[in-house]
Amino acid sequence: MHRGALLRSDSLVGAVAAILCCAPARAQATQYKDAPPLLVGAAWYPEQWDEATVDRDLETMEAAHIHLARVAEFAWSAMEPSEGHYEWAWLDHAIAEAAKHHVYIVLGTPTAAPPAWLTTKYPETLRMDENGQRAEHGNRQQFSFASTKYRELAHGIAQAMAKRYGHNPNVVGWQLDNEYAEDSFDPDARAQWHAWLKQKYGTIDRLNTLWTTQYWSQTYDNFDEIPARPKEENPALLLDWRHFVSDTWKSYSENQISAIRPNADARQFITTNTMGWFDGFDSYVVHSVLDIAAWDDYVSTPVFDWAPNAAAHDLTRGYKQKNFWVMETEPAFVNWRKTNNPLAKGQVRELAWQAIGHGADAVEYWQWRAAMNGQEQYHGTLVGPEGKPVPVYAEVEQIGAEFEKAGKALSGTTPVSNVALLHDFNSRWAIDFQRHAAKFDPVEELVAFYRPLREDAQGVDVISPTAALDRYKLVVAPALNVLPQATADHLIAYVKQGGHLVLGPRSGMKNEYDALWPERQPGPLEELLGGRVQEFYALEEPVTTTPVVDGGAEGHGAVWAELLEPMNDATATIAKYKPSPGSAGWLDGQPAMLTRQVGKGRITYVGFWPDAATLAAMTAGWLKDADVAPLLPNVPEGVEVCERAGVGRVLMLINHLTESKHVVLPAGMTDLLKGGSVSSVDLEKYGVAVLEAAR
Ligand code: GLA
């Protein structure tokens with residue numbers, strides 16, 4: 001289907017007006033004097049090189065318009081070679097020299113890589129796996145996130161760094177640790193787990209009731225009996241373990257923040273670098289104590305697919321609901337996949353502009369140059385071991401020059417959307433604990449719903465279900481499996497105020513303790529929907545649906561299908577299952593999709609995982625009903641349209657295809673990269689256009 005056919009011709013004008021009215025005044029992730037609004041940077045390890053090499057590195061960075069370097073995040077042994085003895089000369093030099101070359105610094109606290117003296121003297125700081133095995137020195141992330149002694153030492157180094165650099169004008173911010181990831185099951189962690197449970201439940205009887213511990217004779221007499229396990233346990237325990245882990249990473253962050261903040265200028269932000277879809281902890285919880293969000297954007301598949309990456313940017317933007325940073329990304333290739341094939345020429349730029357389009361204010365390459373030894377000798381870099389540019393350097397230089405050209409127009413702008421996709425760690429965890437259908441990957445399902453929404457609306461906010469919803473015309477929750485009453489009330493209020501809520505399969509099954517709701521799905525939304533799920537089925541074969549209203553198209557789905565039941569006259573069945581091998585008899589002729597108008601609002605329940613074409617058609621209908629039009633009509637499929645609005649309005653067109661495309665603009669715009677006013681643009685393969693709309 002040609003997407004342009006769905007659109008109103010006045011859509012652009014309407015969309016612009018809608019967006020300008022709602023753009024937050026202070027969109028920028030960070031603001032500091034003199035620094036360019038868009039920054040290109042690199043992870044840089046001056047502790048590995050002599051001063052002359054450091055100086056040459058900075059010259060080569062400046063020549064590529066690189067205005068940012070992240071340093072020190074693994075340099076504990078260089079900064080504190082023995083306990084309480086600090087060596088700052090190398091870092092003083094690197095920061096001062098960087099300032100001369102207009103390279104701003106983000107300082108990493110080095111706690112992801114404790115030095116050997118530390119783990120030798122304090123072996124209790126080492127992480128312990130579930131079976132009681134301590135980590136050893138020699139890799140990284142070998143510390144326990146719960147260790148009291150480790151926190152004391154981490155506070156010490158963070159405070160010493162902040163006292164030295166907290167007022168340094170060239171230091172713009174702090175990265176805590178590096179890619180929080182590993183749980184620990186050491187005695188400190190276990191004791192804190194038990195205390196955490198006691199704090200949460202008050203009495204053991206309450207926990208026993210809410211966890212249904214009569215099942216398999218799990219009843220506990222006291223909190224200390226409760227095992228610490230990340231898998232193969234009561235789902236209530238598993239969900240609480242993840243909550244405990246989230247709170248522990250939050251307090252791990254707070255420990256270092258309490259060392260930095262009193263010693264640092266308010267303009268210096270504090271963040272950490274997260275990992276896209278990683279679900280080891282609840283990022284909304286951890287970000288509640290951070291100033292901005294930042295993530296490490298690596299393409300984990302041999303071929304770059306724009307949609308999961310776009311969704312991960314939007315996910316990260318959703319943590320603080322403002323612009324973010326890409327703290328690391330690949331200079332064409334990594335070293336940790338099975339085959340580390342490179343991005344094609346032009347794709348590093350394609351990815352950089354996609355990041356900016358989705359609300360990044362900085363893009364940093366990992367890494368500037370490889371360490372001469374160590375585990376990552378094969379990873380992509382911007383310069384070779386002798387310090388001279390490798391081929392991708394020229395592309396990064398181009399990006400740097402373009403960021404300088406477009407920076408002013410993009411300053412203070414942010415993506416604004418009237419469509420939201422709800423993302424919920426509890427639901428992802430609960431589904432992953434018991435997939436029931438092996439192919440039901442909650443992230444894949446989320447991205448499946450995201451893709452047509454992003455294509456047609458050309459802007460999607462990916463947010464927590466507890467975030468404010470009033471600004472959205474359409475809210476889609478692809479698999480909101482865990483639905484506490486308070487969140488359900490929030491969604492009910494949204495629909496009653498006139499919003500359209502679309503629920504995907506598996507929604508509304510559990511409460512916040514991962515226990516089944518006594519009503520069938522969608523649990524506390526059953527009454528609003530006026531319908532429910534009679535039964536759910538994991539599918540081996542696909543299913544087909546037929547529309548109830550004449551003229552609609554057949555739908556197709558796979559992996560999961562639910563037999564729905566309308567429960568009152570106001571609830572309409574939109575589609576039914578057709579007899580097919582996948583329907584196994586149970587689903588034949590039964591409702592597959594329900595909808596109910598509630599005042600000016602609407603709730604829709606999709607009982608199966610639709611295939612791409614079916615989802616595209618459904619999404620087009622939801623957007624049309626919600627009166628959401630694309631920003632730019634008639635854009636060829638594969639060309640992503642991103643908008644950032646604020647004082648002005650900038651559109652970014654990104655061609656994700658291997659052939660060139662021509663896009664006609666509805667009005668004249670200023671081409672910020674090539675200059676001049678244009679009414680259409682030619683995008684070469686992986687090409688980008690950055691266009692400023694007239695004010
Ligand atoms: C992660 C780490 C970096 C580096 C890169 C390599 O993102 O944070 O230190 O190891 O991976 O891709």
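Students often forget the sequence filter, so: which lysines lie under 17 Å Cα-Cα from K121 once same-chain residues fewer than 8 apart are removed?
Correct list for K121: K149.
Which cross-chain or sequence-distant (5 or more) residues have an amide H under 5 Å from the amide H of R602, H modelled 1.01 Å from N in plane?
Under 5 Å from the amide H of R602: G499, H500, L501.
Whole number please: convex hull volume per residue, Cα atoms of the range 419-625, in Å³.
Enclosed volume per residue, from the Cα hull, is 106 Å³.
Distance check, please: which entries in K250/K496; K408/K624; K100/K163 exceed 26 angstrom between their Cα atoms?
From the list (K250/K496; K408/K624; K100/K163), the Cα-Cα distance tops 26 Å for K250/K496; K408/K624.
Ignoring ligands, DNA and RNA, what percent of the 1.4 Å accessible area of the range 417-458 is carbon and sulfur?
45 percent
Using a probe of 1.4 angstrom, how much of the accessible area of the range 153-238 is carbon and sulfur, in percent?
51 percent
How much of V647 can a 1.4 Å solvent probe reach, expressed as accessible area in Å² and rounded to 10?
Its accessible surface works out to 120 Å², give or take rounding.
In deg cm²/dmol, rounded to 500, what helix-only [θ] at 222 nm does the chain give when every DSSP H run of at least 4 residues adds -39500 (n - 2.57) and the total is split over its residues?
-10000 deg cm²/dmol
Could you tell me which trypsin sites (Lys or Arg not before Pro) in the range 223-295 are loop residues by DSSP with no more than 11 other beta carbons within 10 angstrom of their beta carbon?
K231
Whole angstrom only: what separates the Cα centroid of the range 262-277 from the Cα centroid of the range 375-416?
22 Å
Per residue, how much accessible area does the chain have with a 1.4 Å probe, in Å²? Don't skip to the answer; put the middle values down first.
On the way: 26630 Å² over 695 residues.
Accessible area per residue: 38 Å².
So what does log10 I(q)/I(0) come out to for the range 639-692 at q = 0.16, 0.19, 0.20, 0.27 Å⁻¹, using the Debye formula with one equal point on every Cα and no solvent?
-0.42, -0.59, -0.66, -1.12
In the range 639-692, what percent of the accessible surface is made up of carbon and sulfur (1.4 Å probe, ligands and nucleic acids excluded)?
Carbon with sulfur: 50 percent of the solvent-accessible area.
Counting only residues 5 or more places away or on other chains, whose amide H sits under 5 Å from the amide H of W517 once H atoms are built in the peptide plane?
Amide H neighbours of W517, under 5 Å, 5+ apart: K510, N511.
Which percent of Cα pairs goes in each bin when the distances of the chain are cut into 20 angstrom slices starting at zero?
17, 48, 31, 4
Restricting to the chain, what percent of DSSP beta bridges are antiparallel, rounded to 5?
In the chain, DSSP labels about 55 percent of beta bridges as antiparallel.
The values are calculated or read from the model by the stated rules, or taken from the named source; none is laboratory data. Being a predicted model, the structure only gives us computed values, none of them experimental. Note: ideal-geometry Cβ built from the backbone for every residue, glycine included; neighbour counts use all protein chains shown. Side chains included, ligands, DNA and RNA excluded: accessible areas come from the protein's heavy atoms. Shrake-Rupley method; radii C 1.70, N 1.55, O 1.52, S 1.80 Å.
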